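Single-structure report; data block below.
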Amino acid sequence: MEIELERTFLLKNIPPDMEKCESIEIIDIYIPRTANHPVLRIRKKGDVFEITKKEPVKKNDVSEQYEKTIPLSEEEFNELAQIKGKRLRKKRYFYPFQRKIAEIDIYLDDLEGLGLADIEFNNKKEKDKFQIPDFCLVDITQEKFIAGGMLAGKKYSDIQSFLNKYNYHRIRLEEI
């Protein structure tokens, strides 16, 4: 199992030239549906299919996660996708920023308007000293409501009160 070092930021606005970046549509299904915060996810990322389990290394710091991913065939994904899980769909942009790639997710369907940026790091020192990008509003890495397993199956209105405390304004795909 690998350890992923990552920070998550709430978008303030679409960064310059993002429309020129490579992008892909992602469908995530978190299981079991009955879990408050499922840690098991099946994913369709373009024509790549996988199952991933992510859990925090420490209870009080979700910026470090144990992560185990197993590739799936399309047939395996389609079979597993029949499971009643919590779903979400988003468009991910791969935005170059300070010699890193910011994975900028613009959520679709019931979560339309939510925009997040995830940045992965090679070590703890790099993660800890990283400064928030100017196109981001706030670091929300430690906010439980923003984890994929918590967002899946929700509507924008379900998380709006959390977003309001940051004076967040909806991001629209049409802005790109």
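The values are calculated or read from the model by the stated rules, or taken from the named source; none is laboratory data. Please read all numbers here as calculations on a predicted model, not as lab measurements. For neighbour counting, all protein chains shown are included, and Cβ atoms are generated from backbone atoms with ideal geometry for every residue, glycine included.
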(message) Return the residues of region 43-82 that are hydroxyl-bearing (S, T, Y) and either part of a helix (DSSP H, G or I) or closer than 26 Å to D139 by Cβ (or both); say none if nothing qualifies.
(response) T52, S63, Y66, T69
(request) State whether the residues of region 13-21 include one that is more than 19 Å from I106 (Cα to Cα) and under 17 Å from the mean Cα position of the chain (by Cα). (result) no
(message) Can you say whether I14 is loosely packed, with under 15 Cβ neighbours inside 10 Å and in a loop (DSSP other than H, G, I, E, B), as far as the supplied structure shows?
(response) no
(request) Being of a type in the set (K, R) and surrounded by 11 or more Cβ atoms within 10 Å (Cβ to Cβ) is the filter; apply it to region 68-105 and report the residue that is modelled with the lowest pLDDT. (result) K100
(request) From (1) under 24 Å from I27 (Cβ atoms); (2) modelled with pLDDT of 95 or more, pick out the condition that doesn't hold for C136. (result) (1)
(request) Could you list all residues from region 78-114 that are of a type outside the set (K, R), within 20 Å of I29 (Cα to Cα) and in contact (Cβ under 8 Å) with a residue 60 or more places away in the chain? (result) G85, L88, Y93, I104, D105, I106, L108, E112
(request) May I ask you to list pairs of residues, at least six apart or on different chains, whose Cβ atoms are under 8 Å apart, with the first in region 122-136 being more than 15 Å from T8 (Cβ to Cβ) and the second being of a type outside the set (K, R) and surrounded by 13 or more Cβ atoms within 10 Å (Cβ to Cβ)? (result) N122/L5; N123/L5; K124/L5; K124/E64; E126/L5
(message) Between A35, A117, which is among the hydrophobic types (A, V, I, L, M, F, W, C), over 26 Å from R172 (Cα atoms) and touching a residue at least 40 places away in the same chain (Cβ under 8 Å)?
(response) A35
(request) Only residues that are surrounded by 15 or more Cβ atoms within 10 Å (Cβ to Cβ), touching a Leu at 6+ places or on another chain (Cβ under 9 Å) and part of a helix (DSSP H, G or I): list them for region 140-164, please. (result) I146, G148, G149, L151, Y156, I159, L163
(message) Given the criteria touching a Pro at 6+ places or on another chain (Cβ under 9 Å) and either assigned to a strand (DSSP E or B) or farther than 20 Å from K54 by Cβ (or both), does I119 qualify?
(response) yes
(request) Just give me the residues in region 123-138 being in contact with a strand residue (DSSP E or B) (Cβ under 9 Å, 6 or more places away or on another chain), surrounded by fewer than 17 Cβ atoms within 10 Å (Cβ to Cβ) and outside any loop (DSSP other than H, G, I, E, B), in sequence order. (result) K124, E126, D128, V138
(message) Can you tell me which of (1) in contact with a strand residue (DSSP E or B) (Cβ under 6 Å, 6 or more places away or on another chain); (2) surrounded by 15 or more Cβ atoms within 10 Å (Cβ to Cβ) is the one G113 doesn't meet?
(response) (1)
